[in-house]
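Down below is the structure, laid out as structure tokens.
Every number in this text was worked out from the coordinates using simple rules, so none of it is lab data. A quick note: this is a predicted structure, and the numbers were derived from the prediction, not measured. Please note: Cβ atoms are built from the backbone with ideal geometry, for glycine as well, and neighbour counts cover all protein chains shown.
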Amino acid sequence: MPKNVIISGGTDGMGRATALARLARGDQVTVIGSSAAKGRALLAEADSDRLRFLRADLSSIAEARRAIAEIAERHGTVDALALFANRVNARRLETADGLESTFALYYLSRYLLSHGLRPLLDAAPDPVVVNVAGVGVTTGRIFWDDPQLTRGYGQVRAQLQAGRANDLLGVAFARHAESRARYVLYHPGFTRSGLDGHPNPLVRAGLKTLGRLFARPVADAVAPVVAWIDAPPPAPLTAVDRGKPVPLSLRTLDPDDADRLAAYTGDLLKAVAGSPG
């Protein structure tokens with residue numbers, strides 16, 4: 001039976017591959033991305049009236065909320081939400097909301113989409129959220145005294161913190177969102193995806209060389225995501241790291257930390273956007 005699938009970060013890499021794979025199965029697919037040119041290229045390649053490109057800068061709270069509202073206007077249900085949007089920044093950038101950009105795009109947009117689309121997910125018969133990040137990796141942490149990394153920013157530090165935040169997002173959603181949607185945290189490992197996006201040309205060339213030698217093909221990396229959309233796991237929360245189940249007792253999935261991050265996020269949204277999270 002065709003599904004209604006929403007994909008953030010769906011114009012590149014794994015998100016794009018997932019969109020094309022689900023279109024091939026007959027689904028209605030909405031791809032959210034910030035680049036109009038990439039959106040047009042995807043629409044041209046897919047050549048399907050079942051694909052919609054929704055342009056939005058998901059690092060902006062207002063833009064993320066606009067995307068949620070536009071999806072709700074068009075659809076009564078969402079069967080699957082696949083979260084891929086991320087961007088590596090060599091230096092600290094602030095969004096229009098005054099937030100560190102990696103935190104805003106890689107974590108906060110996924111929080112907003114997961115919770116904002118929950119009513120549509122709950123209206124579907126077998127809903128699932130797949131958050132593609134770095135579960136199972138235990139390096140990195142939440143800098144509770146400075147989550148916006150105003151001191152000592154580093155691109156690896158920012159990426160790892162947002163990855164750990166997504167781990168905790170899955171834990172909190174499964175515990176407290178009172179949703180029928182199953183939540184899947186998925187780490188695909190080193191994949192031939194996004195290797196040409198690093199701002200430093202020397203690093204970019206090195207990553208592409210390593211990717212050719214060691215990285216998984218994109219089609220292999222997204223195969224579990226495509227399958228979970230058809231058959232979500234039965235548990236409220238599932239974590240998979242490169243094909244292996246991750247025990248939910250892992251310290252990076254600590255429920256108390258998940259509650260602490262959820263409280264911080266709610267307070268942040270109230271302060272920044274003037275509305276509840």
(request) Please specify each residue of the range 228-277 satisfying the condition of being of a type in the set (S, T, N, Q) and more than 30 Å from PRO2 (Cβ to Cβ). (result) SER249, THR252, THR265, SER275
(request) Determine, yes or no, whether GLY10 is assigned to a loop (DSSP other than H, G, I, E, B), more than 19 Å from ASN131 (Cα to Cα) and not charged (D, E, K, R). (result) no
(request) Mind listing just one residue for me: the one in the range 8-19 that is in contact with a Leu (Cβ under 8 Å, 6 or more places away or on another chain) and either touching a residue at least 40 places away in the same chain (Cβ under 8 Å) or hydrophobic (A, V, I, L, M, F, W, C) (or both) and, of those, farthest from ARG216 (Cα to Cα)? (result) SER8
(message) Taking the criterion of being of a type in the set (D, E, K, R), in a helix (DSSP H, G or I) and more than 19 Å from the chain's Cα centre (by Cα), would at least one residue in the range 21-37 satisfy it?
(response) no
(request) Tell me which of these ASP57 doesn't satisfy, since it passes every other one: (1) under 15 Å from ASN86 (Cβ atoms); (2) among the charged types (D, E, K, R); (3) crowded, with 21+ Cβ neighbours inside 10 Å. (result) (3)
(message) Which residue is surrounded by the most Cβ atoms within 10 Å (Cβ to Cβ), if the candidates are limited to the range 137-191 and must be without any contact (Cβ under 8 Å) to a residue 60 or more places away in the chain and among the acidic types (Asp, Glu)?
(response) ASP146
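Which ones in the range 118-133 are in contact with a strand residue (DSSP E or B) (Cβ under 6 Å, 6 or more places away or on another chain) and either within 8 Å of LEU81 (Cα to Cα) or surrounded by fewer than 23 Cβ atoms within 10 Å (Cβ to Cβ) (or both)?
The answer is VAL128, VAL129, VAL130.
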